[in-house]
Structures are given as C-alpha cells and as structure tokens.
1. Most mobile of Asp131, Asp266, Asp249 per a Gaussian network model of the chain (Cα springs, under 10 Å)?
2. For region 182-231, which GluC sites (Glu not before Pro) are both in a DSSP coil and crowded by at most 13 other Cβ atoms within 10 Å?
3. Say we join alpha carbon atoms closer than 10 Å with springs in a Gaussian network model of the chain; which of Phe214, Phe254, Phe82 then has the biggest fluctuation?
4. Please report the antiparallel percentage of DSSP beta bridges with both residues in the chain, rounded to the nearest 5.
5. Give the dimensionless ratio obtained when the Cα radius of gyration of region 297-360 is divided by 2.2 N^0.38 Å.
6. Say R0 is 51 Å: what FRET efficiency, to the nearest 0.05, do Gln154 and Ser247 get from their beta-carbon distance?
7. Mind ranking Arg342, Arg51 by accessible surface for me, highest first, 1.4 Å probe?
8. Compute the distance from the alpha-carbon center of region 196-273 to that of region 288-317, in whole Å.
Amino acid sequence: MSLAIGIVGLPNVGKSTLFNALLKRQVALAANYPFATIEPNVGVVEVPDERLEKLKEVVKNDYGKEGGREVPEKTIYAAVKFVDIAGLVEGAHKGEGLGNQFLSHIREVDAIVEVVRAFEDENVVRSGSKDPKSDIEVIKTELILADLQTLSKQRTEIKGKVEKGEEAKILGVLKLKEALDKGALAKDVLLTEEEKEQVKSLNLLTAKPFIYVFNVSENDLTTDKFSDYENSVAVSAKIESELSVLSSDDQKLFMKEYGLEESGLDKVIKKGFEILSLQTFLTAGPKEVRAWTIKKGSKAPQAAGVIHTDFERGFIAVDVIACEDLVSIGSYHKAKELGKIRLEGKEYEMKDGDVVEFRFSV
C-alpha cells in the first residue's frame, strides 16, 4: 500500500519552500513505485530507513561471491506521495483565491499536513492573522466549510423503502452536518461502524488525520512551544531547502551544526506513518532489498498480498526473522543454520522490521 499526504496552508507560510525541498529529494520513478505519473503539484519521496542499508550488507555476505556481480541489484524504499495545493485564503471554500480549485486534489489523500507560519520576517508579507493559533483556525474553518458543501449535496431524508446502507449513510450525513455546523471536525464525530463505512466515499477533508508543521526560524528548531498541538512538528523551511541540495554525508554535518538528528521532512514522513498506524516489513535477496508498507495489525497473508495478490491467495506460511537479529548474525544462511528463522502461519501478526520470505502455492 502507498501513503499520500496533502499539504495545505495560508499564503507565505513557507509551504512552497518545503514542497520544493521535497521535489529535490524526489525519487526517479520506476515501474516498482505505485505512482506512475507525477503532476506539477505532486512529489514522491522515499521513506528514510537505515535498515535497508544494513540488509544490503547481509545480502552481500550471502551472495556477493556468486558470479562476481554486484548484489543486491536494487534497493527500493517505501514511498510517500505529497500533494501540494495553492495557498488557501479566507473564503477559499466559495472560490476566493486559488485554493478552492485544488481542494479536490487532496480529497484522496490519507492525511493532511498543515504548514503554519511561526517565524517573523518583515520582508515576507503575512497573510491571514498575526499568530499561528488564529491561522490554524482560518484553515480549519475553510476545510469545514468545504466539507459542508460536500454534505449539502447528499440526500438527508428517509422516505419509504431505502437501499441497503442508504439509511446509515443518511444518518451519518445528518450527524456530520450538525457537528460541522458547530465547528467540529468530521474525524471527531461519533458515528456507528456502518455509518463510517457508508460516508467514507465522501472523502471529507476534516475526516483525515492532521499533522501540524510549524515553520520556525533556525533558532527555534528545538522548541517545544507547539507541543500542545497533537501531531505537531517544528521545521525550518529555509534549512530544509538548504539540506535538499546536499549529499547524504554533508546533510549529516549540516544537521549536526544545528543539533538535529534528522531532517524536518523525515520527521513529517515518520509522523505520517505513526498517525496512520503504518509499518514496514522487509524482503532481501540478490535481486533487491525492499521495504513494503502495511497497516499495523496486518496478518501474514495480508502482507503477502501487498507484494502480489497470488501470494495472499495461495499463502501457506512465512519465514520470519527480525531485521536487527539478522543484521547481528550477518547472514541469512547462517541464521537458518542457527535455527533463528521462524516459520509462521496465517494468524501471524506482522511486526515492524520483519524480514520475510513467503511460501505460497497457486
């Protein structure tokens, strides 16, 4: 499965600077990636994962001497798609500014990143209000109003006999309209499981989880002043822009100067995985070392289906070892000899960092 994140914000908050930094890190797309076409406002970046580099060494230990070829032939990271929209302004839901034209682009995303200006610069015009909290309220209001427009187009009356699921959808829409009219977000409205299922196709913007990215000055990178906001990350768009053009080694030196262990963009990606309850399992062989994205709690057959539907349909069992254990041993063949590779069945719940080999028959 893939992860898609939409980026919203008022004008002049640093959203474009962050997005351009993402584009500079964009992966060269191959058929293996889930996004075949990239529009001007879409970028695809790799999910940072040091485990893949360590697994490459294990593969070299096992297969490096065969035929003198370089192994593994490919390293494929999990990928995240970022969808950027024009800066929203007050009144965007009714056509003010350009933002309304692009709101539809983020209806299909899994989560929303809201970039909030938290820096002072007299040379950059400030749109909206004078503080981050009020800016957040402006965006919240616009997204709620956009969702109310979507809900207004839905049927809200139950007359006579209705199709299966239609009653649940109507009741769900009524509950959502009432709550959003009072300023609530769709994700906080209490719905039954059937109602949730029936209104899911509406792709309401406020039903999605939010990550608040506070664009701060270089001096505030380690600040905790925004910790009251759930799922918040402090980032300097200026620094991210500078980091994006550096080599991996130079990035580490640059971040060390600012006391950073990882880039802000990497924090955003990891936060996205966290709030969507995603994790990765790994496969390793002479052809490729690869990370695959699944939901936490996925059983082994479901994980197999992410690779290929035939793997899930014909699932028999899976050979499993934790990545850190395999790296510690240094060889898959040796790990097998030592009895460290476990054989698990259909009820096995996948763990983050599992290195697996599926057994199946079609």
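1. Top of the fluctuation ranking is Asp249.
2. Glu230
3. Phe254
4. Restricted to the chain, the bridges split so that about 50 percent are antiparallel.
5. Rg over 2.2 N^0.38 Å, computed on Cα atoms: 1.10.
6. 0.50
7. From most accessible down to least: Arg342, Arg51.
8. Cα centroid of region 196-273 versus Cα centroid of region 288-317: 29 Å apart.
The values are calculated or read from the model by the stated rules, or taken from the named source; none is laboratory data. Note that the structure is predicted; figures quoted are calculated from it, not measured. All Cβ positions, glycine included, derive from the backbone under ideal geometry; neighbour counts span all protein chains shown. With ligands, DNA and RNA removed, areas are computed over all heavy atoms of the protein, side chains included. Shrake-Rupley method; radii C 1.70, N 1.55, O 1.52, S 1.80 Å.
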